[in-house]
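K.L.:
Just dropping this structure here.
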Amino acid sequence: MSSADSMAGSNAVSDALRSALARVLAGERPGRAEIQGLLEGVLEGEMDPVLLGGFLVSLSQRGETAEEIAGVAAALRTHMAPFEHDARDAIDTCGTGGDGLGTFNLSTASAFVAAAAGARVVKHGNRSVSSKSGSADVLEALGGRLDVHDDVARRALDETGFTFLFAPRFHPAMRHAAPVRKALGIRTVFNLVGPLCNPGGVRRQVLGVASPELQVKVAGALESLGVDAAYVVHGDGGTDELSLGPGNRVLALGGAVAHDFAPEPLGLTHVPVSALAGGDAAHNARLMRDLLGGAKGPLRDATCLNAAAALVVAGVAENAASGVRLAKEAIDRGRALATLDGWVRVTREGAQAS
């Protein structure tokens, strides 16, 4: 593209952003197609960063709709590098972050347990958002390598049932929006769409959100994007994962509410969110290795509850009770720790060979 063409494209996207911003401020709501078109221009680097910042803030302050979230996610999906694999029933377990509670890496621990119990997990994640340790941080601290080629990631999935896709590797176009996001320093729609943009194209998800208001919106976005099955969860105490309180909220696609994820009827002990606190990546790695190795306590219970949700969505378990039973068996029979160790081994061998 010539410099003149690039300038014309930049002006066109900026004009469209200016128009959309004015209409959002006037109370209008852009549709999915319009949002997708706008964001595709942004992800190609064709925009005025001031206008992009204003547009993101206006959406955030008013509250994004399901169609707007889906539009941004669709744009990001068209610009991501796909991860090819043959696990058509693969599942992802992740959260949007933003709960600010600093809990342990429950979605990562539960992903290993779910894989050990029979699910195929293509986990997509990044470094920390709301805690001292994001999924990528703790996986590195456990000894795994994130900088592996796709063939190594596929081998890990084939041999262990688990693989991890490090978001920055698969979403290079996000570099165009990164300076604006960093300058704003607040939650925007980009914080919501990461979990909706798994490069492995998973069609089954357990996705945690930090507020109940987001559940219906994110579930609607997942439906719009063609996901086959999902639970959108919000934990008692405000977590973006299932916690060990009676107020867990689990929303399936189509608006159905799952009522069987309260801990005590499942034989799990009710504890406050503070009992699920984590630390930095090194600390959480030690906790994860202990619980996957069989250590009892609240972290094990919460991990089994989240793994149960994943196993139901994956079609491995019929309900929460059978999911919890399968999760406990995977830990107690050593399969969960073996899954972790296998993933670490494959990624380290692959990184050394490249």
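K.L.:
Working only within the range 28-37, note down all residues that are acidic (Asp, Glu) and in a helix (DSSP H, G or I).
P.N.:
34 - this is the single residue of the range 28-37 that is acidic (Asp, Glu) and in a helix (DSSP H, G or I).
K.L.:
Within the range 51-76, take every residue that is in a loop (DSSP other than H, G, I, E, B) and on the phi < 0 side of the Ramachandran plot and give me the one that is surrounded by the most Cβ atoms within 10 Å (Cβ to Cβ). Explain how you work it out, then say what you get.
P.N.:
Just the residues of the range 51-76 that are in a loop (DSSP other than H, G, I, E, B), to begin with: 63-65.
Now restrict to residues that are on the phi < 0 side of the Ramachandran plot: 64-65.
Values: 64: 23, 65: 18.
So, considering only residues that are in a loop (DSSP other than H, G, I, E, B) and on the phi < 0 side of the Ramachandran plot, the one surrounded by the most Cβ atoms within 10 Å (Cβ to Cβ) is 64.
K.L.:
Failed condition for residue 148, given (1) part of a loop (DSSP other than H, G, I, E, B); (2) at pLDDT 95 or above; (3) in contact with a Ser or Thr (Cβ under 9 Å, 6 or more places away or on another chain); (4) surrounded by fewer than 22 Cβ atoms within 10 Å (Cβ to Cβ), with all others met?
P.N.:
The one condition residue 148 does not meet is (4).
K.L.:
Let me ask another. Tell me, yes or no, whether the range 98-107 has at least one residue that is closer than 20 Å to residue 332 by Cα, surrounded by 24 or more Cβ atoms within 10 Å (Cβ to Cβ), in contact with a helix residue (DSSP H, G or I) (Cβ under 9 Å, 6 or more places away or on another chain) and not polar (S, T, N, Q).
P.N.:
The answer is yes, given that some residue of the range 98-107 is closer than 20 Å to residue 332 by Cα, surrounded by 24 or more Cβ atoms within 10 Å (Cβ to Cβ), in contact with a helix residue (DSSP H, G or I) (Cβ under 9 Å, 6 or more places away or on another chain) and not polar (S, T, N, Q).
K.L.:
Checking residue 339 against (1) under 23 Å from residue 139 (Cα atoms); (2) without any contact (Cβ under 8 Å) to a residue 12 or more places away in the chain, only one condition comes out false. Which one?
P.N.:
The single condition residue 339 does not satisfy is (2).
K.L.:
Confirm whether residue 105 is out of contact with any strand residue (DSSP E or B) (no Cβ under 8 Å at 6 or more places or on another chain), polar (S, T, N, Q) and more than 30 Å from residue 300 (Cβ to Cβ). Break it down stepwise before answering.
P.N.:
Values: out of contact with any strand residue (DSSP E or B) (no Cβ under 8 Å at 6 or more places or on another chain): yes; polar (S, T, N, Q): yes; more than 30 Å from residue 300 (Cβ to Cβ): no.
Here the answer is no, as residue 105 does not meet what is asked.
K.L.:
Can you run down the residue pairs with Cβ atoms below 9 Å, 6 or more apart or on separate chains, where the first is in the range 314-332 and at positive phi and modelled with pLDDT of 95 or more and the partner is acidic (Asp, Glu) and outside any helix (DSSP H, G or I)?
P.N.:
315/89
K.L.:
Residues of the range 38-50 being surrounded by fewer than 18 Cβ atoms within 10 Å (Cβ to Cβ) and not in a loop (DSSP other than H, G, I, E, B), which ones?
P.N.:
Hits for the range 38-50 are 49, 50.
K.L.:
Being touching a Cys at 6+ places or on another chain (Cβ under 7 Å) and assigned to a helix (DSSP H, G or I), is that true of even one residue in the range 98-110? Spell out how you get there, then give the answer.
P.N.:
From the range 98-110, those touching a Cys at 6+ places or on another chain (Cβ under 7 Å) are 107; that's our starting set.
Then drop every residue that is not assigned to a helix (DSSP H, G or I), which leaves 107.
Yes: the range 98-110 contains one or more residues that are touching a Cys at 6+ places or on another chain (Cβ under 7 Å) and assigned to a helix (DSSP H, G or I).
K.L.:
Return the residues of the range 142-193 that are of a type in the set (Phe, Trp, Tyr) and either out of contact with any helix residue (DSSP H, G or I) (no Cβ under 9 Å at 6 or more places or on another chain) or not assigned by the TED database to the domain that holds residue 127 (or both); say none if nothing qualifies.
P.N.:
The answer is 170, and nothing else.
K.L.:
Is there a residue in the range 292-311 that is within 28 Å of residue 101 (Cα to Cα), of a type in the set (Val, Ile, Thr) and over 23 Å from the mean Cα position of the chain (by Cα)? Break it down stepwise before answering.
P.N.:
Taking the range 292-311 and keeping what is within 28 Å of residue 101 (Cα to Cα), we get 292-311.
Keeping just the survivors that are of a type in the set (Val, Ile, Thr) gives 303.
Next, only the ones that are over 23 Å from the mean Cα position of the chain (by Cα) stay: none.
The answer is no, given that none of the residues of the range 292-311 is within 28 Å of residue 101 (Cα to Cα), of a type in the set (Val, Ile, Thr) and over 23 Å from the mean Cα position of the chain (by Cα).
The values are calculated or read from the model by the stated rules, or taken from the named source; none is laboratory data. Bear in mind the structure is a predicted one, so any value in this text is a computation, not a measurement. Neighbour counts are summed over all protein chains in view; Cβ atoms, including those assigned to glycine, are modelled from backbone coordinates with ideal geometry.
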